[in-house]
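Contents: one structure, followed by commentary.
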Amino acid sequence: MRVALATEAAPGRPNEDFAAVTADAAVLLDGAGTPPGSESGCSHGVAWYARTLGSSLLAAMTQKPNETLPELLAGEIKAVAGLHEDTCDLAHPGSPSATVVMLRRTDDALEWLVLADSSLILDTGGTTDPMVICDDREAQVGARYRKAMDALDSGTPEHQKAHREYVETLRAHRNRDGGFWVAATDPLAADQALTGTVPQEAVRTAVLLSDGASRLVDRFHLATWRQTLDLLDQEGPEALISRVRAAEHSDPTGARWPRGKTFDDATVVTLSMP
Ligand SMILES: [Zn+2]
């Protein structure tokens, strides 16, 4: 299996994405931001959360082959909560959270799990469209509240304030029925993840993407998934991130593509099967 990984923080910010790969397992997490000026109840921060949960998930995936991916995720959400329940307020609605993509290779199958808005692309090759797995519940809830933010120019204090208010409003819908689910402190979120299994020989390439990387396709509409897979195949994951950055720079105020973050952490993992 050929693996390529690229990750790049939004300019001037710590990288809150995390990705890691072994020969038989891959994980990608996108820590959900605590916007400047917003409280979280946790002294460790979002980058710590994504890194800690991600590395313990990868370890668990390789050490516990008999547990399902949701079981592993539930166990590690609980374990990471245990690391800071004595020092931090885990009941705070803004406690650090993360999206999760997990991919595991068994003898003859690929098992996957997707929670929240990071994406998994499974390409069977040939002319059929790739399978695109993304949990869009947060976007659905968010659509109700983002009008005020989207009407303002990115980079202005007014937009920053509207973004903070938007994020804080969405917290009331986090890890609730009828809302959206992310990895945070409640292990029950793992049961809400999208999961599936595909025969290993059916997949030529698997791609894990944070929404800062998938935005070239799903927000900017500057490429199709097929074109993106070709780009990844020919030029590697850095090329996709470069295109995203170029698009972001071309629209600094969000006039063409209204968005909460002008620039976002972008992470891409590609796994090409022999
Ligand atoms: Zn903490």
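The values are calculated or read from the model by the stated rules, or taken from the named source; none is laboratory data. Just so you know, these numbers come straight off a predicted model, no measurement behind them. Quick reminder, even Gly has a Cβ in these numbers, built from the backbone with ideal geometry, and neighbours come from all protein chains shown. Just so you know, the surface numbers come from the protein's heavy atoms only, side chains and all, with ligands and any DNA or RNA stripped out. Shrake-Rupley method; radii C 1.70, N 1.55, O 1.52, S 1.80 Å.
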For region 22-27, 3J(HN,Hα) per residue [Karplus equation, 6.51 cos²θ - 1.76 cosθ + 1.60, θ = phi - 60°, Hz, x = Gly/Pro]: 10, 5, 10, 8, 9, 9
Listed residues MET131, MET61 arranged by accessible area, highest first, probe 1.4 Å: MET131, MET61
Those residues of region 198-215 whose amide nitrogen sits under 15 Å from the label point placed on ASP24, 7 Å along Cα→Cβ: 200
Accessible area of LEU222 in the full protein assembly, 1.4 Å probe (Å², nearest 10): 80 Å²
Cys residues of the chain counted as unpaired, since no other Cys beta-carbon is under 4.7 Å: CYS134
Accessible surface, 1.4 Å probe, highest first, among residues ARG219, ARG51, ARG171: ARG51, ARG219, ARG171
Rounded accessible area per residue of the chain, 1.4 Å, Å²: 45 Å²
Rounded to whole Hz, the Karplus (6.51, -1.76, 1.60) HN-Hα couplings of region 115-120, x for glycine and proline: 10, 6, 8, 8, 10, 10
Calculated from backbone phi, Karplus (6.51, -1.76, 1.60) coupling profile of region 54-61 in Hz, x at Gly/Pro: x, 6, 6, 5, 4, 4, 5, 5
Förster radius 41 Å - calculated FRET efficiency between GLN140 and GLU71, Cβ distance, rounded to 0.05: 0.95
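Hey, any idea what % of the chain's accessible area is carbon plus sulfur with a 1.4 Å probe?
50 percent
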